[in-house]
Amino acid sequence: MFLHYWAIGILIGILAILPLGPLGIVVIQRTLIHNRKTGFYSALGIVLSDTIYASLTGFGMALILGIIRQHELWFKLAGALILIVLGIVIFLSHPERQTAKKLLKTSTPAKYLGGTFMVAISNPYVMFWLLAIFSGFGIALSINKPIMAFFILLGFFTGEVLWWIFVTWLMDRLRNRFSLKFLLWFNRLAGAGIVIFMIIFLVHTIYKEVAAL
């Protein structure tokens with residue numbers, strides 16, 4: 001029975017992480033520019049944030065969803081601005097310079113993990129996606145069933161970790177096939193894509209708020 005809950009949790013975790021958002025692009029970019037280890041630790045920040053939100057979602061989100069809706073505009077603005085800055089940094093980064101810096105200075109895994117975690121945790125709207133997935137499976141976590149909740153959340157964490165192990169492994173295998181010129185253009189396109197997407201998101205959000213006045 002516990003393995004059943006764990007398997008369901010793995011499936012939910014994989015479904016939750018499948019949409020490749022801006023932070024997913026960051027993980028791929030770091031894997032291609034640096035190495036698999038850097039990409040994986042960056043992905044762990046996303047996994048930890050998602051697991052926290054999965055816990056909150058699974059145990060019932062009526063109160064917290066209400067708080068999010070009450071301050072919806074500020075959550076959207078903060079998350080979008082952080083991602084725009086991140087997109088600009090990626091756009092301006094140069095693979096050759098990054099390689100040279102890497103030889104002189106090695107960033108700690110905690111820095112990569114903490115960085116993506118702080119960005120991911122600033123976007124509570126992932127809970128709406130998680131809520132849809134949990135509802136689709138007909139699952140609601142309960143403090144009256146702690147073992148069930150534990151194994152589902154453990155499975156959720158395992159599923160996302162397995163997914164990022166595969167993605168970073170694949171990107172690392174392909175990394176040596178790409179020239180610095182390709183990686184430079186990947187940075188340009190990835191950074192520009194994140195910035196453009198988030199600017200459109202901001203404009204749309206502000207327009208809705210103004211129209212509602």
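The values are calculated or read from the model by the stated rules, or taken from the named source; none is laboratory data. Keep in mind it's a predicted model, so treat the numbers as computed, not measured. As a convention, Cβ positions derive from the backbone with ideal geometry for all residues, glycine included, and neighbour counts pool all protein chains shown.
Results for (1) modelled with pLDDT under 80; (2) of a type outside the set (Lys, Arg), shown as yes or no for each residue.
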residue	(1), (2)
137	yes, yes
158	no, yes
175	yes, no
182	yes, yes
203	no, yes
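In this structure, is residue 62 modelled with pLDDT under 75, small (Gly, Ala, Ser) and either within 30 Å of residue 144 (Cβ to Cβ) or out of contact with any helix residue (DSSP H, G or I) (no Cβ under 8 Å at 6 or more places or on another chain) (or both)? Before the answer, list the steps.
Numbers: modelled with pLDDT under 75: yes; small (Gly, Ala, Ser): yes; either within 30 Å of residue 144 (Cβ to Cβ) or out of contact with any helix residue (DSSP H, G or I) (no Cβ under 8 Å at 6 or more places or on another chain) (or both): yes.
Against the criterion (modelled with pLDDT under 75, small (Gly, Ala, Ser) and either within 30 Å of residue 144 (Cβ to Cβ) or out of contact with any helix residue (DSSP H, G or I) (no Cβ under 8 Å at 6 or more places or on another chain) (or both)), residue 62 qualifies.
Filter region 116-167 for residues that are within 17 Å of the chain's Cα centre (by Cα), over 30 Å from residue 77 (Cα atoms) and surrounded by fewer than 17 Cβ atoms within 10 Å (Cβ to Cβ) and give the result.
Hits for region 116-167 are 162, 165, 166.
If residue 53 passes every condition in (1) at pLDDT below 65; (2) closer than 22 Å to residue 152 by Cα but one, which one does it miss?
(1)
Which residues, taken from region 186-207, are free of Cβ contacts under 8 Å to residues at least 60 places away in the same chain and either hydroxyl-bearing (Ser, Thr, Tyr) or loosely packed, with under 12 Cβ neighbours inside 10 Å (or both)?
Result: 200, 203, 204, 207.
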